[in-house]
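Data block below; observations after.
The values are calculated or read from the model by the stated rules, or taken from the named source; none is laboratory data. Just so it is clear, the structure is predicted and the values come from calculations on it, not from any experiment. Quick reminder, even Gly has a Cβ in these numbers, built from the backbone with ideal geometry, and neighbours come from all protein chains shown.
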Amino acid sequence: MRICHISDTHIGSSSHFNRGIFNTFMDDIKQDDFDILLHSGDLTQSGSPEQYEEGKQFLKELNKPYVIIPGNHDARSGGLHLYRRYIGNPNGAKVFDDAVIIYVDSSIPDSNNGRVGQQKFQLIKRSLEKHTQKKIKIVVIHHHVMPIPMAGRERNILANAGDLLDLFLKYDVDLVVSGHRHYPNVYHVENTVFINAGTFSCTKTRYGDENSYNIIEISKDKQKVITKRPKTTVTNEFPRFERRIFSDFDKHIKSIAHMSNTFISDARAFRKKHLTSALESIKKLNPDHIIHCGGVVQEGIEKNYELALRYFGDLKQKMFFTPAGRDLNYLGYHLFPEYCGELDYIYEDEKVIMHGINSSQYDSNIGFVGSIARKQLITKFLKKKDKFKVVFLHHNITPIPHSREKGLLEDSGDLLRELVDANIDLVLTGTSSHPFAVRVSNTLIINANSTSSIYQRSILGNSFNLVDVYEQAIVLYEINSLWGTRKLKGIWERNKKIK
């Protein structure tokens, strides 16, 4: 199957619509032999009848099958009503012999933000269940699910991006195509390829980039994404099916206990018994290291840190901490380094390098790393090519299911892209109190549940993670804090042996 994927044409005013590049690209795609065109939203600049008339004519001139969805610009000033009149149903499924393309409207009228409500979420799920035997499954949605680099502050991600990510992975969706952020980006997440298109013909490009569109080729064993700009072409290739059955993990390298949001205090939100039981389990498991990804105390005051010292003080393993915003509140900016160590902690031995990043700010849930810290981090890791590389921070860099995605890490798109490109083996995070793991290209990203707070989202109850690193695989368990029962969360093949 060969697909032409375009987005964000923004047909409309002369200040936003680049008619010259639009005509150039149109000439190119008219000569291309693709099976279907996917337009992932923002056909128009402001959803007016005149703009829809021109957009409708553009689609007619293609003389090719197409699927198009509305974007946030199309939904302005009652534009969704006009969209139905001029274009058609913004939600549905297009079925071929071997493929199904599911498309949904993620726009919110008169807002740049995105949301897929419960009805449309169920529409996607039912369509995937109905067409589970199709060889190719594609979802088209305007707002991005995975954070996009080079697109400024992360703030317009889908409110329920985590639930959508979980759904797409569980139902083996081949492609998720989107637009919105005017910057092209491709991620291989488990076995699903997430493709974001740049803007086809809007004058608002990002970071000095050019207008662009994608050609996607799907064969039996691989998927190819070709991003075309006026003068350059970039190609990414990904395998369609990966080996996921293991008979031998080979030599054990490291074991890491991974926890978050202990919320230590004398308040009711802190579950003392859950923490003490979790620590007893950790002692029995005897991991090589313990990493705490923020939310050590409920508030950054001295009596809470004194309590934390009593709980953690007799652990024989080296424990590494990174702060959440609440850890730095009040006197926490002074107390955290005194009781927990450096804000950006670095550990290294002959096989592993682990680097903590302080992503938190005073009196705020919003996280930020920044270009200087990102550059320093990547520079350190590039010099350690033969070691297993671990990054840990509080804020999530991929969406978390069962929580509202608020873009809590402002530069998550840039950080995720840089970590993946640097082939970081493991990233540990601790927001949203829900255990979740996903592999993006060669980088496994794991979020921890709350270990001992009443605020947690796991059906297993309060928990922590145990990460076993082998030469051939990484194995993740979620372990109940109170009872010590464990649940296997996943096994991921290692891409490179540690020698």
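The table that follows gives values for the structure above.
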quantity	calculated
ILE445 closer than 19 Å to GLU190 by Cβ and either part of a loop (DSSP other than H, G, I, E, B) or outside the structural domain of ASN365 (by TED's automatic domain parsing) (or both)	no
Cross-chain or 6+ apart pairs with Cβ under 8 Å, region 111-127 first and surrounded by 12 or more Cβ atoms within 10 Å (Cβ to Cβ), then in a strand (DSSP E or B) and not hydroxyl-bearing (Ser, Thr, Tyr)	GLY114/ILE108; ARG115/ILE108; LEU123/ILE102; ILE124/ILE102; ILE124/VAL139; SER127/ALA93; SER127/VAL100; SER127/ILE102
Selection from region 310-327 of residues that are under 26 Å from the mean Cα position of the chain (by Cα) and of a type outside the set (D, E, K, R)	PHE320, PHE321, THR322, PRO323, ALA324, GLY325
The lone exception for LEU307 - which of (1) part of a strand (DSSP E or B); (2) over 31 Å from the mean Cα position of the chain (by Cα) it fails	(1)
Residues that are closer than 15 Å to GLU410 by Cα, of a type outside the set (Gly, Ala, Ser) and in contact (Cβ under 8 Å) with a residue 40 or more places away in the chain, drawn from region 367-389	PHE368, VAL369, ARG374
Conditions (1) modelled with pLDDT under 95; (2) touching a Cys at 6+ places or on another chain (Cβ under 7 Å); (3) of a type in the set (Val, Ile, Thr); number of the one not met by THR431	(2)
For ILE102: the one exception among (1) buried (at least 24 other Cβ atoms within 10 Å of the Cβ); (2) under 22 Å from THR199 (Cβ atoms); (3) in contact with a Gly (Cβ under 9 Å, 6 or more places away or on another chain)	(2)
Qualifying positions in region 454-494 - outside any strand (DSSP E or B), under 23 Å from the mean Cα position of the chain (by Cα) and closer than 18 Å to SER255 by Cα	ARG494
Among the candidates ILE264, ILE282, ILE253, residue that is surrounded by 14 or more Cβ atoms within 10 Å (Cβ to Cβ) and within 27 Å of LEU409 (Cα to Cα)	ILE264
Considering residues of region 143-181 that are touching a residue at least 12 places away in the same chain (Cβ under 8 Å) and among the basic types (Lys, Arg) only, the residue nearest to GLN223 (Cα to Cα)	ARG181
Any pair with Cβ under 6 angstrom, 6 or more apart, that starts in region 473-493 at a residue that is under 18 Å from SER452 (Cβ atoms) and ends at one that is of a type in the set (Val, Ile, Thr) and crowded, with 16+ Cβ neighbours inside 10 Å	SER481/THR451; ARG486/ILE479
Out of VAL390, VAL438, sole residue that is in contact with a strand residue (DSSP E or B) (Cβ under 6 Å, 6 or more places away or on another chain), closer than 21 Å to LEU164 by Cβ, modelled with pLDDT of 95 or more and assigned by TED's automatic domain parsing to the domain that holds THR262	VAL438
Residues within region 359-379 that are in contact with a His (Cβ under 8 Å, 6 or more places away or on another chain) and farther than 15 Å from LEU426 by Cβ, tallied	3
Candidates LEU309, LEU275, LEU315, LEU343, filtered to the one that is over 25 Å from GLU478 (Cα atoms) and not acidic (Asp, Glu)	LEU343
1 or more residues under 30 Å from ILE195 (Cβ atoms): qualifying helices (runs of 4 or more DSSP H) within region 312-420	371-382
Number of the exception - HIS142 against (1) surrounded by fewer than 17 Cβ atoms within 10 Å (Cβ to Cβ); (2) part of a loop (DSSP other than H, G, I, E, B)	(1)
Tabulated pairs, region 131-142, first free of Cβ contacts under 8 Å to residues at least 60 places away in the same chain, second part of a strand (DSSP E or B) and among the hydroxyl-bearing types (Ser, Thr, Tyr), C-beta under 6 angstrom, 6+ apart or interchain	none
Pair list, Cβ < 8 Å and 6+ apart or interchain, from region 411-436 residues that are more than 18 Å from THR451 (Cα to Cα) to residues that are of a type in the set (Asp, Glu) and modelled with pLDDT under 95	ASP411/GLU154; SER412/GLU154; GLY413/GLU154
